[in-house]
Amino acid sequence: MSSDSIKSALVIGGGVAGMQASLDLANYGIQTFLVERQEELGGRAYKLSRTYRTHECKSDGCCMDYCRECIFTPKFGELFQNENIEIMLGTEVDDISGEPGNFQITLNTGGETRNLNVNAIIMATGSTTFDADKIKEYGHDRYDDVITFLELEKMIVSQRGEAESFARPSDGKIPETVNFLLCVGSRDSNKGNQHCSIVCCTYAIGQAKDLKTKYPDMEVYIHYMDLRAAYRGFEEFYKEAQEIGVQFIRGRVASVQKDNWDLVVSTENIDSGELMEIKSDLVVLTVGQEPHRGSDKIAESLNLALQSNGFVFGNGTKGIAVAGCALGPRGIRYSVEDAKRAALEIADFLDGGEVVEGN
Amino acid sequence: MSKNVRLNVEEDLLSTVNELFKKMLEKDAADVLIVPQDVPSGACTVQTLVRYPAGLRALNPFAFVLPSNSADILVKTTDQASQERIVVVFRPCELRAVFELAKLNQINLDNVTLISVDCLGTLPVPEYVELAQKSENGLTMKLLFDVQKGGKESLLGLDLRSACQICELPVMDNADVSICTIGLNLQKEVLLKANTPKGEEFLGAIGMELSEEEDPESRKKALEQLFKVKAEAREKLDAQVKEEVKDIAGYMTVLASCINCHNCMKVCPICYCKECFFDSDILKPSPKQLLDKSEKRKVVRMPIDTTLYHIGRMNHMITSCVSCGMCESACPSKLPLLAIYHAFGSDVQALFNYVAGRSLEEELPLATFKEEELESA
Amino acid sequence: MRGTSSRKPKIGVFFCTCKGSIGKNVDLNELESRVKENPDVVLCIRHDKLCEKDGQAFLKDQISNTDVDRIVLVGCTPRTYEEVINKGALEAGINRHLVEHVNIRELCEWIHPDEKSATEKAVFLVLGSIARVAFAQEVLDKQVILKNNNVLIIGGGIAGITSALELIKNEISVHLVEKTDKLGGRAYELDTQRLSEEDVILPNINELIKSDKFHVMLESEVVDVNGTLGDYKVKIASKDKEEELDVGAIVIATGSELFDAIRILEYKYDDADVIDFFELEKMLVKDEVKVPSSGEIPKRINFIQCVGSRDENKGNAHCSLVCCTYAIKQAAKIKILYPDTEVYIHYMDLRGPECGFEEYFLDAQKKGVNFIRGRVAEIQKDGKNLILRTEHIELGDIMSLPSDLVVLSVGQQASVETQKLADMVHLPLDKDGFLGYYNDRFEILDRRGISIAGCAQGPRGVARSISDAKKAVREIAGIMKKGFTARSIHSVIDETRCAGCRICEELCPYEAIYMKNVKDHVTEESRLISSVNLAVCQGCGACAMACPGGVPQLIGYSNKEILAQIDELI
């Protein structure tokens, strides 16, 4: 095969969607350039201590956690060894020009620029999480023990294997009462974003369930508006959480304040109509997802329209596909499915892409 | 309830049975018989293939000797395409092996009619041959009556093979037809039972009229007594073996004199492999490897791998071991193989709620998966 | 590729110190000197970080500059870095079966704090692998072309039709079996305008029917499936006949069925003015909604959500995922058609799996759709009027709402056909009766060439069914057209030694073993022996374990290799 007949594609973003899209493209015989802004692949998903699999993992029971190593390590291996993939970490896209089938890309790796010509592009820039400091009432900026769910994940990962494996930030004690606040920055057009972030219900319930299972005496509350993660198996997941004693309170939390030593969560229980104040040792803010900074710039240069919520519309010019959270909040599973679809679209567009067995 | 018929003894038992089998060929109920007959000198009884009535001269299914487990003959005479109707007369332990081999797809029973005989046990071959050479004609009948009568001197003071002493199933009531002798007055009659539709059809074809009679009281009593004696012997032997072979060191001590001749495998009816793994090249070290091994281990027992062989073989066939004891009879070093295989085999089989050779319907433990099995292990 | 004939093996042993993290407890000098004693070892060398770029270059260099033909890599766990480190060795021309990994980091360095035991164990492990690799044999990847590359699609709904079109686009012949008398399923009767994103474009059925590669069997059902990838024999029963089809792969697109609302007596589905969402959709497609009994425009419409869903007692335990979206969409459309009509949606939780749902919900609220949280207790009939009795959870009230038309948002449930089929092809069902098991993994395609598309895996919307089908079929298309590369680790059967006992056939968890007739090499008579389907074999080794004769052997795990390794270890 002469070198000019090899088709090439650029994948922007090295999270799960970008990784999967690159692997699929490469398996379709397309020379793939994977560009990631950070110094490591994996994106937000790699920061999670585990994924809540409900129906996802077939090896239920063979290990306790379907943890990141299990998902990512083999994927990293595949990516790094695939001949058709070139991975560029710490690299940003400075400029995109050209037309479908012939894009000129300018990349920037720590000040060094590089020019590329590719036939197609997959945008997998992902999303970012809402900045909890913006909602002053919840005190994320003031109190050590008010953390976001990502910070909780980080705690769990970093404390894994230690004797006291779960210690709150302020004094290292195992909290006796934990409150999860859902829809922080979501479904809230005044202080946050209007849209629903879809995956947070599942995560909060998962984390709550884990805590309650590990520390049966711990009081765990989840404050929600609607429990709406519409995934297969979610219903059972939610029931299990109720059965082991996680308490669900419907209503938006008014404030989190410090009363001498303790944090106090003030809320209205919509179902019963009563006002509640719950003392809490740890408050977890389940922040939603919002569009990534810079993704609008890329979307613009790709002629992709934006939705009202700031995420990208999937249908655009030929030769450009979008995958993962750039399209809007979604779970790992759907990001992967998206990526497979995007790779397929690109392969179809390029057509010359060899049809080979998928991985 | 099985259907049965009493067969009157005319001259004597053996000639009556001989006539019965002749009839099978004459009435075209079978193409070929596989039946035990005395060798002309009378020194032993062996299996024979008989196609014409003239070939039936000295039928003797009751002889107190079993030179080899005959299940293997069906492996050699049947295959997937077999059409000929074969009638066999086997002892219970041979039939058990037949059932196992059929489940292992080594025997095709489609056109085979299985006839079992009550078995009162067999003597070690050398002792039997010696005895037979000394005796007048009619040794089988003499022993048969002696044993029926019971008492210490019942076998002229000789001991049965240990497999026979502990035999669990000396009568087989799920062969197509069984010839029953235990607890009957053999000077007058034997009992023929048809246990399966195939058996009923077969007995019908040779002109037998079947009825549904209960076993005579004398037979029930005799069987009860027989089972009791065997069970006691079994318990005693099992306990003794488990004491001797309670760990790997004990196992190696008991098998210390193994000469690695593999006779036990060769005579085992269950060892059906075309080439035994332990005979294959894989386990033949090159001279260099062998010498290297001595360097590393300081000392290497020769012949090597005897323990591996016994553990491996046991691992391979223990769930199907029918305790016929051929291995022990064939062992030149007189290793107590039957005792070991029975003690561990019955334990392993119990784990799977399985008894090797008990019936054709029970599925091989290895070929079935049950979620709840082995929980007690 | 370097040859590996019977000549003496030349083994290169590479120690990776993992940037110095190996070597505190394991005495590397002692280990190296013990390794060097082995006469087969011709190269014994250390590096800091073999998994990085210069480490790889070093590895390649060393292999190219010497005549080693087998490699033992000593370092961290192969679970993480095997593929990465192997790359250098493979690039230098060493077959992957001639490379052994020894993990002395997790297995020695990290868990044995005292030097003696850590080193001693490392020595055994490394010597074991050296002994093993000395017997290893080069294995080349095998390309397998399938005997039959037609595909059977079971189910003619949206997923089945999309799959068929995709396959035909790839020039693969398709047989499609549909149990009803027409193609299309539910999707073509829906108004497929989508939420905030673009409309869903349904594939064109006519285009499909025109294709000469498309063979359709209506009013037919699959009754039996036998065989394996590349060689399936499928029995199909039609109205008047039964025929057998030979196909290479199967796509299961049997879909789901709607919950039958008559099962919930309280909702009076037998009343003319109580309809399910599907019946309403048929009206909405024509842009007019009439009360069935009177023919008038309804003044009050109530939607009841979760009918037969999230309800273990009377319906199914699972949530049907798409009904909230539909109800909101329908309610909003009614508000556009008849702004004066009062529309209520009675819900438990509002859920939508797609993003954009929230905006859609807010939009419906703006249009004046009323949302009431609570499960409706019953529908009463007062003369001609329907009256809903429901709890309003937020107000804590019991309400009675008169209604001209009641729409039941019935959920999806697994179809009986899916369950029957699952049995035939030995696929597990999840507890809701769907084939969800496979969908949720990274890979969609079963190794046996059975792929699942659409609602057979669980409730889903039209768009997802379409993308599902495309994905599922892409993989099949590749295999059908070009064959596939068999796993290099698979079972091989020594035909002359197989006794045909079929234990391995019973035991193989992947159904990769089948029986075939061969001529005996001695008697020349035909006999039945085991054979391995390379497409399906996963190289698990169950057959090799079970066979008393050691007839099946796992490539890369032959008895010679394993026994040599064990000899060193004990």
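Residue-by-condition table, conditions (1) open to solvent by 70 Å² or more (accessible area, probe 1.4 Å); (2) closer than 30 Å to A:Leu327 by Cβ; (3) at pLDDT 90 or above; (4) not in a loop (DSSP other than H, G, I, E, B):
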position	(1), (2), (3), (4)
A:Leu107	no, yes, yes, yes
A:Arg142	yes, no, yes, no
A:Glu153	no, yes, no, yes
A:Phe166	no, no, no, no
A:Val178	no, no, yes, yes
A:Leu182	no, yes, yes, yes
A:Gly192	no, yes, no, no
A:His195	no, yes, no, no
A:Ile198	no, yes, no, no
Worksheet item: Can you name the condition, by its number, that C:Val177 falls short on among (1) away from every other protein chain (no Cβ under 14 Å); (2) open to solvent by less than 30 Å² (accessible area, probe 1.4 Å); (3) at pLDDT below 90?
Response: (3)
Practice prompt. With respect to A:Tyr46, determine if the residue is within 18 Å of the chain's Cα centre (by Cα), part of a helix (DSSP H, G or I), closer than 29 Å to A:Ser295 by Cβ and modelled with pLDDT under 85.
Written response: yes
Discussion item. When you check A:Met218 against the structure, is it of a type in the set (A, V, I, L, M) and within 12 Å of chain C (Cβ to nearest Cβ), yes or no?
Written reply: no
Worksheet item: Has region C:156-165 got at least one residue that is open to solvent by less than 30 Å² (accessible area, probe 1.4 Å) and at pLDDT below 90?
Response: no
Practice prompt. Name the residue, out of B:Cys268, B:Cys261, that is surrounded by fewer than 18 Cβ atoms within 10 Å (Cβ to Cβ), more than 9 Å from chain C (Cβ to nearest Cβ), at pLDDT 90 or above and under 30 Å from C:Arg502 (Cα atoms).
Written response: B:Cys261
Worksheet item: Taking helices (runs of 4 or more DSSP H) that fall entirely within region B:283-377, which contain at least 2 residues that are surrounded by fewer than 19 Cβ atoms within 10 Å (Cβ to Cβ) and within 28 Å of the chain's Cα centre (by Cα)?
Response: B:306-317, B:337-351
Response to the item:
When (1) touching a helix residue (DSSP H, G or I) at 6+ places or on another chain (Cβ under 9 Å); (2) at pLDDT 90 or above are applied to B:Glu10, the one that fails is (2)
Worksheet item: From the set of residues in region A:230-248 that are in contact (Cβ under 8 Å) with a residue 40 or more places away in the chain and within 9 Å of another protein chain (Cβ to nearest Cβ), which is nearest to the chain's Cα centre (by Cα)?
Response: A:Tyr231
Discussion item. Under 21 Å from C:Lys482 (Cβ atoms), more than 14 Å from chain A (Cβ to nearest Cβ) and open to solvent by 40 Å² or more (accessible area, probe 1.4 Å): is that true of C:Leu107 in this structure?
Written reply: no
Worksheet, complete the sentence: Wholly inside region B:1-116, helices (runs of 4 or more DSSP H) that include 2 or more residues that are in the same structural domain as B:Leu360 (by TED's automatic domain parsing), charged (D, E, K, R) and open to solvent by 40 Å² or more (accessible area, probe 1.4 Å) are none
Practice prompt. Determine the pairs where a residue that is over 11 Å from C:Gly458 (Cβ atoms), located within region C:413-434, has a partner that is assigned to a helix (DSSP H, G or I) and modelled with pLDDT under 85 with Cβ atoms under 7 Å apart, the partner being 6 or more residues away or on another chain.
Written response: C:Pro428/C:Tyr437
Practice prompt. Name the residue, out of C:Leu98, C:Leu90, C:Leu127, C:Leu73, that is within 13 Å of another protein chain (Cβ to nearest Cβ), under 24 Å from C:Lys560 (Cα atoms) and crowded, with 20+ Cβ neighbours inside 10 Å.
Written response: C:Leu127
Worksheet entry | Whichever residue in region C:348-371 is modelled with pLDDT of 90 or more and buried (at least 22 other Cβ atoms within 10 Å of the Cβ) and, among such residues, is farthest from C:Gly458 (Cα to Cα) | C:Val369
Discussion item. Of everything in region C:401-432, what is within 17 Å of A:Phe234 (Cβ to Cβ) and either open to solvent by less than 10 Å² (accessible area, probe 1.4 Å) or more than 27 Å from the chain's Cα centre (by Cα) (or both)? Give them in sequence order.
Written reply: C:Gly411
Practice prompt. Among the helices (runs of 4 or more DSSP H) lying completely within region C:1-95, list those that include at least 3 residues that are under 21 Å from A:Glu78 (Cβ atoms) and modelled with pLDDT under 90.
Written response: C:53-65, C:78-91
Worksheet, complete the sentence: Among the residues of region B:273-292, the number that are within 24 Å of B:Leu66 (Cβ to Cβ) and in contact with a helix residue (DSSP H, G or I) (Cβ under 6 Å, 6 or more places away or on another chain) is 1
Worksheet entry | Tally of residues being open to solvent by less than 10 Å² (accessible area, probe 1.4 Å), modelled with pLDDT under 90 and among the small types (Gly, Ala, Ser) across region C:310-332 | 1
Worksheet item: Looking at region A:109-140, which of its residues are under 30 Å from A:Ala26 (Cβ atoms) and either assigned to a loop (DSSP other than H, G, I, E, B) or hydroxyl-bearing (Ser, Thr, Tyr) (or both)?
Response: A:Thr109, A:Gly110, A:Gly111, A:Thr113, A:Asn119, A:Ala124, A:Thr125, A:Gly126, A:Ser127, A:Thr128, A:Thr129
Practice prompt. Looking only at region B:188-225, count how many residues are loosely packed, with under 12 Cβ neighbours inside 10 Å and small (Gly, Ala, Ser).
Written response: 2
Response to the item:
Reported set for region A:59-73 where residues are open to solvent by 50 Å² or more (accessible area, probe 1.4 Å) and either modelled with pLDDT of 80 or more or in contact with a Ser or Thr (Cβ under 9 Å, 6 or more places away or on another chain) (or both) is A:Asp65, A:Arg68, A:Glu69
Worksheet item: Among the residues of region B:221-258 satisfying the criterion of being in a helix (DSSP H, G or I) and among the polar types (S, T, N, Q), which is modelled with the highest pLDDT?
Response: B:Gln240
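Would you confirm whether or not region C:214-229 contains a residue that is of a type in the set (Phe, Trp, Tyr) and within 19 Å of C:Leu421 (Cβ to Cβ)? Before you say what the answer is, go through the steps one by one.
Let us first name the residues in region C:214-229 that are of a type in the set (Phe, Trp, Tyr), namely C:214.
Next, from what is left, pick out any that are within 19 Å of C:Leu421 (Cβ to Cβ): none.
No, there is no match, as no residue in region C:214-229 is of a type in the set (Phe, Trp, Tyr) and within 19 Å of C:Leu421 (Cβ to Cβ).
Let's see how each residue does on (1) among the polar types (S, T, N, Q); (2) within 14 Å of another protein chain (Cβ to nearest Cβ):
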residue: C:Ile297; (1), (2): no, no
residue: C:Asp311; (1), (2): no, yes
residue: C:Ala317; (1), (2): no, yes
residue: C:Val322; (1), (2): no, yes
residue: C:Ile334; (1), (2): no, no
residue: C:Thr341; (1), (2): yes, no
residue: C:Leu350; (1), (2): no, yes
residue: C:Lys366; (1), (2): no, yes
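Just name the residue that is nearest to the other protein chains (Cβ to nearest Cβ) out of those in region C:372-383 that are surrounded by fewer than 18 Cβ atoms within 10 Å (Cβ to Cβ) and either out of contact with any strand residue (DSSP E or B) (no Cβ under 9 Å at 6 or more places or on another chain) or among the basic types (Lys, Arg) (or both). Let's see the steps before the verdict.
Our first condition is that a residue be surrounded by fewer than 18 Cβ atoms within 10 Å (Cβ to Cβ); within region C:372-383, this holds for C:375, C:377-378, C:380-383.
Right, trim to either out of contact with any strand residue (DSSP E or B) (no Cβ under 9 Å at 6 or more places or on another chain) or among the basic types (Lys, Arg) (or both) and you get C:375, C:381, C:383.
Working: C:Arg375: 13, C:Lys381: 30, C:Gly383: 34 Å.
Among those residues, the one meeting the criterion is C:Arg375.
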Item to complete: Take region C:493-510 and flag every residue that is surrounded by fewer than 16 Cβ atoms within 10 Å (Cβ to Cβ) and either more than 9 Å from chain B (Cβ to nearest Cβ) or in contact with a Cys (Cβ under 8 Å, 6 or more places away or on another chain) (or both).
Response: C:Pro509
Worksheet item: Which of the residues spanning region C:510-567 are assigned to a loop (DSSP other than H, G, I, E, B), free of Cβ contacts under 8 Å to residues at least 60 places away in the same chain and of a type in the set (Ser, Thr, Tyr)?
Response: C:Thr523
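The values are calculated or read from the model by the stated rules, or taken from the named source; none is laboratory data. Predicted, not measured: the structure shown is a model, and the values here were computed from it. Cβ: placed from backbone, ideal geometry, glycine included. Neighbour counts: every protein chain shown. When the accessible area is computed, the model is the full protein with side chains, heavy atoms only, and any ligands, DNA or RNA have been set aside. Shrake-Rupley method; radii C 1.70, N 1.55, O 1.52, S 1.80 Å.
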